[in-house]
Amino acid sequence: MMKRYCFFYFLFFAAIRVSAQTYNILDYGAVADGKTINTKAIQAAIDQCARTGGEVIVPAGIFETGTLYIKSNVTIYLTDAAKILGSPSFADYPDNEVQYKNFFTHFPDGSVRTNKALLFAEGMSNITITGKGTIDGNGASKAFDLGDDAASAKSKERPCTILFINCKKVTVTNIHLTDPAYWLENYIDCDGLLLKGLNIYNHSNTNVDGMDIDSRNVTIDSCTIDSDDDAICFKSHSRNNICENIIVRNCTIASNCNAIKFGTTSIGGFKNINISHCVIHRSAESPIFHWQKSIQFIDESITAIAGIAIEITDGGIADSITISGITMNDVQTPIFLFVGNRGRKQVGDTTSAPVGEMKNITIKNIIATSHSKMASSITALPGHYIENVLLENIAINGMGGGDSSDAKIILPEKPTAYPENRMYGQVYPASGLYIRHAINIRLNNVHFTMRNKDLRPLIITDDTPGYDSSGVQFLRP
């Protein structure tokens, strides 16, 4: 009886899909030769679909295109062997006048940034991108070889692959996303976002994050991400809307920067975020970052900077964040928590932002193997504190190798520095955990082992009222 029920259930939903309006881009003049610019043809199919609702079908073949404007009630369905390929020319990506003002879309004086994208939407709802095909940003194009953001303002004009702003009910599932010219997926002020079953591979350029999320009511489920820059990155570009109510689960994550990151842009902040049952490991390649050559004391050729990085630098707040069930290998630093005072302004600000807050952070059920002398850390700046952090059921296998001179290092205060594990130097005086300016930090059932002899203290604390390390165990090599 159950089999018959399931069979009719399948037929029912299959019938719904067949009866939906479909718009094959070939019928609008698209050419699948990998060199014809198909922007007008694909956009015509999208516009027609938006009038009735339904699906835009991308059949097998390579369809090169510039910016596509995704509309409400439209599903983009990429069939098996279908590829949307971004144009290699800046000329095919017009600037977009975004109405929602925030740090990403506008300069602090209110003037608009370029906001270029391969797929763009603002103020739309009920958008779906799905299927078995590929979206390729063509990020290795010579036109997009502009260096890192820190070195060139022009580099920030590169197009995101997906830039959705102030949209509701967005679903992106099952497709392959690869080679962006800039951030791959950038969701700003969206409400109701599902990212599921995505296969992401980003090693074509600099600043190629896997996912950048500044939205509410988000689920990220069963995605595989291999990214040269940050893999899953939560952003907060405005104090008007906090990044909140987010679930991340069952993902496989690789990065040459940070695997799971909050920040650095943290103007509003992050709240009520739960990340669970994920695996972090080394990237398949590292064409840009050669950490073993540029940083001393790293014993593996390809590593992530940090497995978990929570960074508040622009006046925002991180509150009620739980990260659990994470296995991480091939990381320099397993856990990096930092509150600083970069004071990044948003539109309309006449003064710098105040110092932000970090509190009520739970990190538990973690197995980690680290490959540097930069220990896990929880640090803020003088006069300000990270509050209420629980580290529970954690096993960290460190590289070790610290000597007596390493143990005497005094880490400088760097409240305005760009936050990353090496901001204090390439060696920490603690082998396992360094804590400074933090209140009510509790360690319960936390185990440390070292692969090599280490003469540094296991844990160093400085200005840490309410600190409790009664649940710590250490096994010497």
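Values in this text are rule-based calculations from the coordinates and carry no lab data. None of these values were measured; they are calculated from a predicted model. Every residue, glycine among them, receives a Cβ derived from its backbone with ideal geometry; neighbour counts consider all protein chains shown.
At-a-glance table
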{"read-out": "Nearest-ten-degree value, helix 2-19 long axis tilted from longest Cα axis of the chain", "value": "60"}
{"read-out": "Gained length - ASP33 relative to ALA20, 0.36 nm times residue gap less alpha-carbon distance", "value": "1.9 nm"}
{"read-out": "Rel. contact order, % - alpha carbon contacts under 8 angstrom, at least six apart, the stretch 140-234", "value": "25"}
{"read-out": "Centroid-to-centroid separation of the stretch 437-461 and the stretch 30-75 [C-alpha atoms, Å]", "value": "54"}
{"read-out": "Distance in nm between pseudo-label sites at LEU390 and THR350 (7 Å out along the Cβ direction from Cα)", "value": "4.5"}
{"read-out": "Label zone at ALA284, where the point sits 7 Å out along the Cα-to-Cβ direction: the stretch 196-212 residues whose backbone N lies under 13 Å", "value": "199-204"}
{"read-out": "Spin-label model distance (nm) - ASP462 vs ASP221, 7 Å beyond Cα toward Cβ", "value": "4.5"}
{"read-out": "Segment VAL112-ARG451, length gained on full extension (0.36 nm per residue, minus Cα span)", "value": "116.9 nm"}
{"read-out": "Within the stretch 19-475, percent of DSSP bridges classed antiparallel, to nearest 5", "value": "0"}
{"read-out": "In sequence order, calculated HN-Hα J values of the stretch 462-477 (Karplus, 6.51, -1.76, 1.60; Hz; x Gly/Pro)", "value": "8, 6, 10, x, x, 6, 9, 10, 5, x, 9, 10, 9, 10, 6, x"}
{"read-out": "Efficiency of FRET between ARG51 and SER320 - r from beta-carbon atoms, R0 51 angstrom, step 0.05", "value": "0.75"}
{"read-out": "Listed residue pairs exceeding 25 Å between alpha carbons, taken from LYS359/LYS408; LYS271/LYS364; LYS83/LYS196", "value": "LYS359/LYS408"}
{"read-out": "Tilt relative to the chain, helix 39-52 - C-alpha long axis, 0 to 90 degrees, to 10", "value": "80"}
{"read-out": "Contour minus Cα-Cα distance for ILE410 and GLN99 (0.36 nm per residue)", "value": "107.2 nm"}
